[in-house]
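To keep things clear, I will list the structure first and then write my remarks on it.
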Amino acid sequence: SWPASSTSFAASRQAPAQGKAVVAIFLGDYIDRGPASRGVIEDLIALRDEGCCETVFLRGNHEQALLDVVDGDSDGRGWLRHGGLAMLDSYGAALSPEAESHDLQAVLRHAVPPGHLEFLRATTLTAREGDYLFVHAGLQPGVELADQSAEDLIWIRAYDEDPTERAFTVVHGHSPNPVPVEGRRRIAIDTRAYASGALTLLRLEGTERRFGRISLPPSTATPGHDVWATIDAAYRTASRR
């Protein structure tokens, strides 16, 4: 579960008294694979409602896959293979191996509170703050932002070879790496938290970039907060899917 009530947001709560504005942007993939999908959604909603800072929640491919099932646009088989069963378990729901797609749709509509589905539907595809564009997956090389497809913004895996001159640096998740990546035109902060236990935070203030890490060691339920000692600055090219 995202530790929204932890000391990670102490600065956000103190910022107004210091005359600073804080925008917390989340890059998506709040559900699936890990054991606490429901808890993550509840924590994010609580942080939004607390109002200690402006919050922006982007949509990841896992949220889109779930909504596709709920809306009857997918049979859900791919979603179940990529962490959907763990999400169902966090909501106390079960599914038999023989279940059909309409059964899965009914189970989800019954198990997931309406407020949680409303939260997921309200997620957006991009956010722009200053010299940065935030998106779950990335941008199609050579294509202007206004012409990017929703599928690319949520699914694409192609970055550093992009020759397009843009007026911003892209900050994204989706493509996991052992450590954060700071390339020429993009910053990637997906460090596979569900498997590694390391959730990356990026603090941007002026020209400063600080990479934080929330770690949850297997032997404890108390998360730790520190900084990444190493950042990958290699200009790597990833596959598009």
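A few notes on this one:
- Residue check for ARG109: without any contact (Cβ under 8 Å) to a residue 40 or more places away in the chain, among the charged types (D, E, K, R), out of contact with any strand residue (DSSP E or B) (no Cβ under 8 Å at 6 or more places or on another chain) and surrounded by fewer than 17 Cβ atoms within 10 Å (Cβ to Cβ): yes
- Lone qualifier among GLY142, GLY130, GLY84 - being in contact with a Ser or Thr (Cβ under 9 Å, 6 or more places away or on another chain) and small (Gly, Ala, Ser): GLY142
- Restricting attention to segment 113-145, the residues that are over 16 Å from LEU58 (Cβ atoms), open to solvent by 50 Å² or more (accessible area, probe 1.4 Å) and at pLDDT below 95 add up to 4.
- Condition met for GLU205 (more than 15 Å from ASP232 (Cβ to Cβ), at pLDDT 90 or above and surrounded by fewer than 16 Cβ atoms within 10 Å (Cβ to Cβ)): yes
- Summed over segment 53-84, the residues that are of a type in the set (Gly, Ala, Ser), under 18 Å from HIS110 (Cα atoms) and out of contact with any Gly (no Cβ under 8 Å at 6 or more places or on another chain) give a count of 2.
- For segment 175-192, the set of residues classified as part of a loop (DSSP other than H, G, I, E, B), among the basic types (Lys, Arg) and within 19 Å of GLU208 (Cβ to Cβ) consists of ARG184, ARG185, listed by residue number.
- Segment 38-66: number of residues that are open to solvent by less than 30 Å² (accessible area, probe 1.4 Å), outside any helix (DSSP H, G or I) and touching a His at 6+ places or on another chain (Cβ under 9 Å): 2
- Figure legend. Inter-residue proximity from segment 67-80: first residues in a helix (DSSP H, G or I), second residues open to solvent by 50 Å² or more (accessible area, probe 1.4 Å), beta-carbon distance below 7 Å, spacing 6+ or different chains. Indicated pairs: LEU67/ARG121; VAL70/ARG109.
The values are calculated or read from the model by the stated rules, or taken from the named source; none is laboratory data. All of these numbers come straight from a predicted model, not from anything done at the bench. For neighbour counting, all protein chains shown are included, and Cβ atoms are generated from backbone atoms with ideal geometry for every residue, glycine included. Surface accessibility is based on the protein's heavy atoms, side chains included, excluding ligands, DNA and RNA. Shrake-Rupley method; radii C 1.70, N 1.55, O 1.52, S 1.80 Å.
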